[in-house]
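**Q** Here it is, the structure, as structure tokens.
No lab work stands behind these numbers, since they all come straight from the coordinates. The structure displayed is predicted, hence computed values, not measured ones. A quick note on method: Cβ atoms are made from the backbone with ideal geometry, for glycine too, and the neighbour counts reach across all protein chains shown.
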């Protein structure tokens, strides 16, 4: 390896270290969901700009204070993933013109104080930069307004540069979500706003 190659590798490693960590939370657990496909579009946009990981929250139970004393392992893992991230990007479907109950349940867990002796104390979500993209056939504004209220309330730094997308008709037959050019442009704008908020 030449000296030039060595120097290039050093700079490349430094860039990787400096890149921020963005955690993707896909609000639909269905395999191949349209929101997961949208998250993959966002991941491509962030390539070389940030490190992207996906949260596995499929085993997070329905919230109950009875479970808090012995925090479930799935909740611990979710909290650790959020704590390690610089930002959390939610990719959400819309159920009955609202935030899906399962996503709200996850946020309920993540917004609880880490130290139960002080229930108003710091949570895993405390001061995290957050944003939301929604893929659905309707109800985008209604669900977005709920996120706009909820995420700042649980003390996150909400980036209100959202992306709304409608499911293309053919996707219901072949399962392939196709983002229009204007949606991809908005997704890029959202990614830039998120990165600017982190930095």
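**Q** Does at least one position in the stretch 155-167 carry a residue that is loosely packed, with under 15 Cβ neighbours inside 10 Å, on the phi > 0 side of the Ramachandran plot, touching a strand residue (DSSP E or B) at 6+ places or on another chain (Cβ under 8 Å) and in contact (Cβ under 8 Å) with a residue 24 or more places away in the chain?
**A** Yes.
**Q** Which residue is nearest to residue 194 (Cα to Cα), if the candidates are limited to the stretch 37-63 and must be under 14 Å from the mean Cα position of the chain (by Cα) and assigned to a loop (DSSP other than H, G, I, E, B)?
**A** First, pick out the residues of the stretch 37-63 that are under 14 Å from the mean Cα position of the chain (by Cα): 37-43, 46, 50-57.
From what's left, assigned to a loop (DSSP other than H, G, I, E, B): 55-57.
Working: 55: 18, 56: 22, 57: 22 Å.
If we take residues in the stretch 37-63 being under 14 Å from the mean Cα position of the chain (by Cα) and assigned to a loop (DSSP other than H, G, I, E, B), then 55 is nearest to residue 194 (Cα to Cα).
**Q** Checking the condition under 17 Å from the mean Cα position of the chain (by Cα), within 18 Å of residue 20 (Cβ to Cβ) and exposed (fewer than 13 other Cβ atoms within 10 Å of the Cβ), which residue from 124, 196 passes?
**A** Result of the check over 124, 196: 196.
**Q** If you don't mind, another one. Taking residue 25 as meeting all but one of (1) outside any helix (DSSP H, G or I); (2) more than 17 Å from residue 75 (Cα to Cα); (3) in contact with a strand residue (DSSP E or B) (Cβ under 6 Å, 6 or more places away or on another chain), write down the number of the exception.
**A** (2)
**Q** Which condition breaks for residue 72 when tested against (1) in contact with a helix residue (DSSP H, G or I) (Cβ under 8 Å, 6 or more places away or on another chain); (2) over 26 Å from residue 189 (Cα atoms)?
**A** (1)
**Q** While we're on this one: Restricting attention to the stretch 64-86, report how many residues are surrounded by 14 or more Cβ atoms within 10 Å (Cβ to Cβ) and more than 18 Å from residue 195 (Cα to Cα). Show your work before the answer.
**A** So the first thing to find is which residues in the stretch 64-86 are surrounded by 14 or more Cβ atoms within 10 Å (Cβ to Cβ), and the list is 68, 71-72, 74-75, 77-79, 81-83, 85-86.
After this cut, where a residue has to be more than 18 Å from residue 195 (Cα to Cα) as well, the list is 68, 71-72, 74-75, 77-79, 81.
Looking only at that region, the number is 9.
**Q** Sticking with this structure for a sec: With respect to residue 112, determine if the residue is within 16 Å of the chain's Cα centre (by Cα) and within 30 Å of residue 72 (Cα to Cα).
**A** Spelling it out, it is not the case that residue 112 is within 16 Å of the chain's Cα centre (by Cα) and within 30 Å of residue 72 (Cα to Cα).
**Q** In this structure, does residue 138 turn out to be surrounded by fewer than 22 Cβ atoms within 10 Å (Cβ to Cβ) and without any contact (Cβ under 8 Å) to a residue 12 or more places away in the chain?
**A** On the way: surrounded by fewer than 22 Cβ atoms within 10 Å (Cβ to Cβ): yes; without any contact (Cβ under 8 Å) to a residue 12 or more places away in the chain: no.
So residue 138 fails the test.
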